[in-house]
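Notes for the one structure printed next.
The values are calculated or read from the model by the stated rules, or taken from the named source; none is laboratory data. This is a predicted model, so every value here is computed, not measured. A quick note on method: Cβ atoms are made from the backbone with ideal geometry, for glycine too, and the neighbour counts reach across all protein chains shown. In case anyone asks, the SASA skips ligands and DNA or RNA and just uses the protein heavy atoms, side chains included. Shrake-Rupley method; radii C 1.70, N 1.55, O 1.52, S 1.80 Å.
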Amino acid sequence: DGNFTELKSNASRVGVKGDVELDNGLSVFYTFEWQVDLTDLSGSDNIKSRNQFVGLKGDFGKVMLGRKDTTLKEVSKPVDLFNDYEADLKGLWKGENRMSDMIAYESPSFSGVKVGLTYVAEDEKDGEDGISASIFYGDAKLKKSKVFAAITFDQDIKGYDVQRAVVSGKVGSFT
């Protein structure tokens with residue numbers, strides 16, 4: 001009475017990624033990823049598109065086209081301790097978006113500071129194009145710096161404007 005057992009697949013994925021070196025310090029890179037619900041392979045919603053994009057990188061930074069997490073979602077990952085679980089940030093706040101029809105740019109590092117921009121083209125004639133922008137310091141995994149900090153915003157992404165400040169740090173062995 002009142003008890004049940006559940007098998008849940010929060011973050012099972014399959015995909016390919018890689019890069020191809022070109023001349024003049026340029027390279028093309030790609031990611032094609034799908035989420036697979038291994039607990040319900042007979043369902044119609046068991047395979048979902050995730051990040052799927054191609055890009056070009058060089059001394060200028062990176063440019064990406066396709067379907068990808070917005071820069072606001074990307075810079076929030078270091079503080080989303082329950083990412084892909086029941087307490088994921090996407091259940092608490094707006095702004096955790098992966099968008100199609102986008103072009104994204106990430107600058108090279110200038111003394112640890114980078115800029116990220118995502119432009120999302122709206123598919124409808126009456127729709128608004130969206131922008132996600134971030135300025136951040138450090139590396140998100142805290143391997144090259146002891147602090148990761150970002151100021152970021154979304155404008156007209158899925159009908160919302162979102163502002164967020166993110167800070168993650170390392171003191172000894174604690175993050």
| Of residues in region 17-32 being assigned to a strand (DSSP E or B) and more than 29 Å from E86 (Cβ to Cβ), the one most open to solvent (accessible area, probe 1.4 Å) | E21
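If you go through region 159-175, how many residues are of a type outside the set (S, T, N, Q) and open to solvent by 100 Å² or more (accessible area, probe 1.4 Å)?
Total satisfying the criteria: 4.
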| note | In region 2-27, anything touching a residue at least 40 places away in the same chain (Cβ under 8 Å) and either touching a Cys at 6+ places or on another chain (Cβ under 8 Å) or under 22 Å from G61 (Cα atoms) (or both) is listed as none
| From the set of residues in region 88-124 that are touching a residue at least 24 places away in the same chain (Cβ under 8 Å) and β-branched (V, I, T), which is most open to solvent (accessible area, probe 1.4 Å)? | I103
| said: If I go through region 33-66 residue by residue, how many of them are under 13 Å from G15 (Cβ atoms), of a type in the set (K, R) and open to solvent by 60 Å² or more (accessible area, probe 1.4 Å)? | reply: 1
| said: Restricting to region 132-158, name every residue that is free of Cβ contacts under 8 Å to residues at least 40 places away in the same chain and open to solvent by 70 Å² or more (accessible area, probe 1.4 Å). | reply: I135, Y137, K143, K144, K146, I151, Q155
| message | Out of the residues in region 67-87 meeting the condition of being outside any helix (DSSP H, G or I) and open to solvent by less than 70 Å² (accessible area, probe 1.4 Å), tell me which one is farthest from I103 (Cα to Cα). | response | A87
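Within region 130-175, how many residues are more than 18 Å from the chain's Cα centre (by Cα) and part of a loop (DSSP other than H, G, I, E, B)?
Residues in region 130-175 being more than 18 Å from the chain's Cα centre (by Cα) and part of a loop (DSSP other than H, G, I, E, B): 9 in total.
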| Among D59, D84, D45, which is the only one that is farther than 25 Å from L117 by Cβ and in contact (Cβ under 8 Å) with a residue 40 or more places away in the chain? | D84
